[in-house]
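Take a look at the structure set out below.
The values are calculated or read from the model by the stated rules, or taken from the named source; none is laboratory data. Please read all numbers here as calculations on a predicted model, not as lab measurements. Reconstructed Cβ throughout: ideal geometry from the backbone, glycine too, with neighbour counts over all protein chains shown.
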């Protein structure tokens, strides 16, 4: 396949853009990866501060409340992802992304002034509407902008920007309450400014999207598959044990993402305040742990990508699940995430998390027939959504009733079970050692 060199290239990368797409459009899309995914991840981290300082909820209820908020967040995303896709085909991608940034900003603003769990729930629903629009359009624009020969490079560069957004915005904004409190501001006002500054960044991003993204209606529309067809073809494909394994890996790996985002910060805030730290300082230290975990995941991702092309894809799943289960189960030996031994455990956890996500996508891309890929990838995403619902509904309650490490242990057990299943499939139905390169499916992150 040859690139159409009459079209623009995203310099300095060998990434050729589709007809009518300018480098400015493409760099704005990269900023969308940074901004949208980064702010989506940050709310889960910042929420623990709001629950503790603004609402002053009892510690033995915060896990359940956090899980419930994330549960309804995912329900909204599942319900609205397809309608936003259809609407984007009719009015264009740009208005949907601009709307998403504004809705996310409104959600952060409502969090800033929430005085009850009901207020948080309304704010989370508005935020989730923006998340459904934003995460879906980031994936869709990523499919629109490159030429086919550069599709994998576009996905890879977008994924790097996702990770930078999570690390940078979470690391920066998570320090705001401590900085403001050190300057003499009261805890509630400091939390409000943390959320309002983030909301302001979202509004700024909306302006950049309006200026930089390509306007108009796309020339070709992605085929929207009926749910009944998706389920029928997707379940039929699961007769292939390796496809079934990828579905199960989607369940655990997407649930892993939510557990890391919500419960590291919540556990850190509770452990820190119990040790005499103020909430802002505890959130800052928890943010450092989260950022370290995600930074190591970012650095490890190219290694895992190289490894995936060198070994059987089922073997890659085995490696990923071994790392993930080890990291998650290792939290059971911690009394606090702020202790010295916690950092290496959470670093292994981050490496395992990204490995599980990458290998599950790689396996389903390899094993799917081209004519079935849309339905199978849709079913893959559906299993990922179910994993998030499970992790949030069960994890939050166990956080309160069992132990703060309980959500991590539950996901560790799930990953361990999948490790055993992957070993069995590797022995009985290994598939090919290597397949021709197949781009991983575009699966929008849900944080």
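Checking every residue in segment 57-76 against the condition of being farther than 29 Å from residue 272 by Cβ, in contact (Cβ under 8 Å) with a residue 60 or more places away in the chain and assigned by TED's automatic domain parsing to the domain that holds residue 181 gives at least one match. When residue 14 is tested against the conditions (1) at pLDDT 85 or above; (2) over 30 Å from residue 198 (Cβ atoms), the lone failure is (1). Across segment 11-36, the qualifying residues are those that are part of a loop (DSSP other than H, G, I, E, B) and touching a residue at least 24 places away in the same chain (Cβ under 8 Å), and the one among them that is surrounded by the most Cβ atoms within 10 Å (Cβ to Cβ) is 15.
Matching residues to (1) over 21 Å from the mean Cα position of the chain (by Cα); (2) surrounded by fewer than 22 Cβ atoms within 10 Å (Cβ to Cβ):
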residue: 65; (1), (2): no, yes
residue: 69; (1), (2): no, no
residue: 88; (1), (2): yes, no
residue: 118; (1), (2): yes, yes
residue: 127; (1), (2): no, no
residue: 137; (1), (2): no, no
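Within segment 206-220, the set of residues being at pLDDT below 85, closer than 30 Å to residue 106 by Cα and loosely packed, with under 15 Cβ neighbours inside 10 Å comprises 216, 217.
Annotation note: of 387, 365, the sole residue that is touching a helix residue (DSSP H, G or I) at 6+ places or on another chain (Cβ under 7 Å) and assigned to a helix (DSSP H, G or I) is 387. So is residue 344 assigned to a helix (DSSP H, G or I), surrounded by fewer than 19 Cβ atoms within 10 Å (Cβ to Cβ) and under 20 Å from the mean Cα position of the chain (by Cα) or not? Taking the combined requirement at face value, the residue does not satisfy it. Against the list (1) modelled with pLDDT under 95; (2) touching a helix residue (DSSP H, G or I) at 6+ places or on another chain (Cβ under 9 Å), the condition residue 198 fails is (1). Taken as a whole, the structure places residue 184 among residues that are in a loop (DSSP other than H, G, I, E, B) and either crowded, with 17+ Cβ neighbours inside 10 Å or without any contact (Cβ under 8 Å) to a residue 12 or more places away in the chain (or both).
Residue by residue through segment 275-319, note down the ones that are part of a helix (DSSP H, G or I), under 28 Å from residue 42 (Cα atoms) and without any contact (Cβ under 8 Å) to a residue 40 or more places away in the chain. Correct list: 299, 302, 303. Restricting segment 377-394 to residues that are over 16 Å from residue 235 (Cβ atoms) and within 17 Å of the chain's Cα centre (by Cα) leaves a set whose member that is surrounded by the most Cβ atoms within 10 Å (Cβ to Cβ) is 391.
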